[in-house]
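Read the structure below first, then the notes.
The values are calculated or read from the model by the stated rules, or taken from the named source; none is laboratory data. Since this is a predicted model, take the numbers as computed values, not measurements. Please note: Cβ atoms are built from the backbone with ideal geometry, for glycine as well, and neighbour counts cover all protein chains shown. Only protein heavy atoms, including side chains, enter the accessible area calculation; ligands, DNA and RNA are left aside. Shrake-Rupley method; radii C 1.70, N 1.55, O 1.52, S 1.80 Å.
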Amino acid sequence: MGALAAHLGQVLGSPAVFLVTLAVGGLALVIAHAGENLRPSPTAVGLTSEVAALVVLLLGGLCVLGHLELAVAPGVVTSVVLAFKQPIHELVRQVGTEDLYAALKLLVATFVILPVLPRRPVDPWDAINPYTLWLLVILISALSLVGYVATRVWGPRRGLLATGIAGGLVSSTAVTLALTRRSREPASPPAAAHLLVAAILLAWLIMVGRVGVLLWVTHAGLARHSLAALGLVALATGGAARGRGRVLAVPAGTR
């Protein structure tokens, strides 16, 4: 509908065709939404489908007008939102007030505080860079939040292990600090210590692999000389992580 209206507008030399089509389509969606809410026993009615319909209408107009690159990203995002609509609703239902506050604090730290910090050292020894230090704080906080959300969605075991794997690609140090801080929480059960250690070891294992790949890309000769050392570290770390996994597999009453 949007593409046809935009094309007719170009042929007739009047953008009013597209604007009238958009207005009529929007009015039809409003009437349909109101009808759903006026039913004798209305179910939970949202606006996702209506907004998606308007977005698609606008995207059709953008394509005809020649803005294909601009239309691709919103089209993909709209498809993803519609495809994962139900899981997103389930995730939102699990979000509590404390979760929302934690996310908002992270957003403030990232987009309000970080941009105004100086990006150069502020001490006589050129050792303290506020921007870099605050970036590390944000990284640790973000990994903590990701780990918490993953735990809520996938369960304690798979959520924490996924955090270790993903965090190892970014910063194994940040994963270690974040999960160590989490282990000191009063609500953390004793069995969670093995899981936290396994996640930290997985992050270290990923870090070793990441260093090996970077060495191979930047200096193949140095990578060959470091292969034995990196392999030994990876073997020890992987073995320790596997050992922690076996401890988790043993019933709690027999540990």
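Note on residue 14/residue 48: beta-carbon distance plugged into 1/(1 + (r/R0)^6) with R0 of 25 Å gives a FRET efficiency of 0.20. Per-residue ellipticity at 222 nm from helix content only, as computed over the chain with -39500 (n - 2.57) for each DSSP H run of at least four residues, stands at -26000 deg cm²/dmol.
With contacts taken as Cα pairs under 8 Å at a separation of at least 6 residues, segment 1-64 carries a relative contact order of 53 percent. Stokes-Einstein diffusion for the chain at 25 °C, viscosity 0.890 mPa s, with a Kirkwood radius from C-alpha pairs, works out to 105 µm²/s.
How high is the FRET efficiency between residue 4 and residue 125 when r is their beta carbon distance and R₀ equals 41 Å, given to the nearest 0.05? That pair, residue 4 with residue 125, gives E of 0.05. The heavy atoms of residue 173 offer some 80 square angstrom of accessible surface to a 1.4 angstrom probe. Two tests apply to each whole DSSP H helix in the chain, Cα reach of 27 Å or more along its axis and mean Kyte-Doolittle hydropathy of at least 0.0, and the ones passing both are 16-37, 130-154, 192-218, 220-249.
Considering only 80, 211, 175, give the residue with the highest GNM mean-square fluctuation for the chain, with springs between Cα atoms whenever their separation is below 10 Å. The residue that fluctuates most here is 80.
Heavy-atom accessible surface of segment 109-168, averaged per residue, reaches 62 Å², computed with a 1.4 Å probe.
Here the calculated FRET efficiency for residue 107 and residue 157, from their Cβ-Cβ distance with R0 = 25 Å, stands at 0.30, rounded to the nearest 0.05.
Take segment 1-88 with all the other protein chains still there, run a 1.4 Å probe, and you get 67 Å² of accessible area per residue.
With an 8 Å Cα cut-off and a minimum separation of 6 or more residues, compute the relative contact order for the chain in percent. Don't skip to the answer; put the middle values down first.
Numbers: 225 pairs, mean separation 28.3, N = 255.
Computed value for the chain: 11 percent relative contact order.
The length gained on full extension between residue 28 and residue 219, counted as 0.36 nm times the residue separation minus their Cα-Cα distance, comes to 62.5 nm. Normalised by the number of residues in segment 1-145, the mean separation of alpha-carbon contacts (under 8 Å, six or more apart) gives a relative contact order of 19 percent. Only the Cβ atoms of Lys and Arg (+1) and of Asp and Glu (-1) were treated as charged; on that basis the dipole of the chain about its Cα centre amounts to roughly 1080 debye. With the charge dipole of the chain set up from +1 on Lys and Arg Cβ and -1 on Asp and Glu Cβ about the Cα centre, the Cα lying farthest toward the positive end among the listed residues 243, 161, 179 is that of 243.
Mean projected area of the convex hull spanned by the Cα atoms of segment 66-170, taken over all viewing directions: 10.2 nm². What shape does segment 1-139 take by its C-alpha gyration tensor, where a ≥ b ≥ c are the square roots of the eigenvalues and a/c under 1.5 counts as rounded, a/b above b/c as prolate, and the rest as oblate? Cα axes put segment 1-139 in the oblate bin.
Fully extended, how many nm does the chain gain between residue 55 and residue 132 (0.36 nm per residue separation, minus their Cα-Cα distance)?
23.8 nm
Of the solvent-accessible surface of the chain, computed with a 1.4 Å probe over protein heavy atoms with every protein chain present, carbon and sulfur atoms account for 73 percent.
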